[in-house]
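Heads up: the structure comes next, in structure tokens.
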Amino acid sequence: MEIYMIRHGETQWNKERRLQGRADIPLNEYGIQLAEITADALQSIPFTKIYSSPLSRAYETARILVHKRPVEILTDDRLVEMGFGEGEGAGIESIHTHPELAVYDFIHHPENYIPPAGGESFSQLYSRCKNFMEEVVIPAEKSCDYMMIVGHGALIRGLIHCINLRPTRDFWIKTHKNCCVSIASCIDGKLTLKEEAKIYYTEKVEATW
């Protein structure tokens with residue numbers, strides 16, 4: 001089985017470079033275009049199982065990617081974006097210049113990150129990603145050749161962590177742009193990352209972290 005893990009298209013908050021987290025920000029027009037370009041690139045892949053975060057920016061991306069395939073999009077709360085609590089909505093540029101903020105470590109020193117009030121830790125993210133992989137992805141190998149998972153930047157990095165156990169200090173080592181596609185395989189229950197953060201468009205996006 002091959003698993004395509006896809007980040008959602010651009011939103012206005014992505015364009016403004018703000019932490020979104022659990023805030024339900026929809027795709028903007030450019031985000032819809034990026035999803036359509038990506039859908040064209042993946043049109044030959046015969047997906048038979050499709051899972052999405054319940055947040056609208058991911059679900060709408062999944063709906064565009066499905067195109068004319070007669071496949072139901074299943075939402076799963078374990079695929080929601082990492083929660084940042086009171087840090088949600090903060091501008092990325094302002095975070096870079098305020099090391100006293102909890103979310104500063106989230107970006108610069110993730111191994112030391114202590115979430116702000118209402119936020120989620122990396123261990124909590126990894127736990128729900130591991131649970132999803134073990135309960136949904138691996139068992140599907142017997143009945144599915146191609147699976148699509150549509151989610152968010154931190155969420156997909158959490159799924160990748162479950163595959164290759166990349167240390168938290170290297171959480172940001174690879175740039176994940178909007179609508180980027182990471183591909184893993186599952187053979188006899190073993191997950192292997194084959195490709196990470198591939199994009200199918202040449203246009204510029206602001207959400208490049």
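For the reader, a short list of remarks on this structure follows.
- Helical contribution to [θ] at 222 nm, DSSP H n ≥ 4, -39,500 (n - 2.57), averaged over the chain, rounded to 500: -8500 deg cm²/dmol
- Given R0 = 35 Å, the distance between the Cβ atoms of Lys142 and Ile173 translates into a calculated FRET efficiency of 0.60.
- The magnitude of the dipole of the chain, with charges of +1 and -1 set on the Cβ of Lys/Arg and Asp/Glu and taken from the Cα centre, is near 380 debye.
- Looking at the chain alone, DSSP beta bridges between its own residues are antiparallel in about 50 percent of cases.
- Peptides 124-136, 104-116, 48-60 ordered by average Cβ neighbours within 10 Å, highest first: 48-60, 124-136, 104-116
- Candidate cross-link partners of Lys174 among the aspartates and glutamates, defined by an alpha-carbon separation under 12 Å and a same-chain spacing of 8 or more, comprise Glu195, Glu196.
- Alpha-carbon radius of gyration plus Dmax, which is the widest Cα pair, for the chain in Å: 16.2, 50
- Axis of helix 153-164 versus longest Cα principal axis of the chain: the two differ by about 60°, to the nearest ten degrees.
- Taking amide hydrogens as placed 1.01 Å from N in the peptide plane, the amide H of Tyr146 sits under 5 Å from those of Glu2, Thr48, Lys49, each at least 5 positions away in sequence or on another chain.
- Between helix 29-41 and the chain: long-axis angle, C-alpha atoms, 0 to 90°, nearest 10: 40
- Geometric extent, Cα atoms of segment 123-209 - Rg, Dmax (angstrom): 13.3, 39
- Placing unit charges on the Cβ atoms of the charged side chains and taking the dipole of the chain about its Cα centre, the candidate lying farthest along the positive direction among Phe132, Gly21, Gly189 is Gly189.
- Within straight-line cross-link reach of Lys15, aspartates and glutamates at Cα separation under 17 Å, skipping those fewer than 8 residues along the same chain: Asp24, Glu29, Glu88, Glu93, Glu203, Glu206
Since every read-out is calculated from the coordinates, none of them should be taken as a lab result. On a predicted model such as this, the values are computed, not experimentally measured, just so you know. Ideal geometry is used to build each Cβ from the backbone, glycine not excepted, and the neighbour counts take in all protein chains shown.
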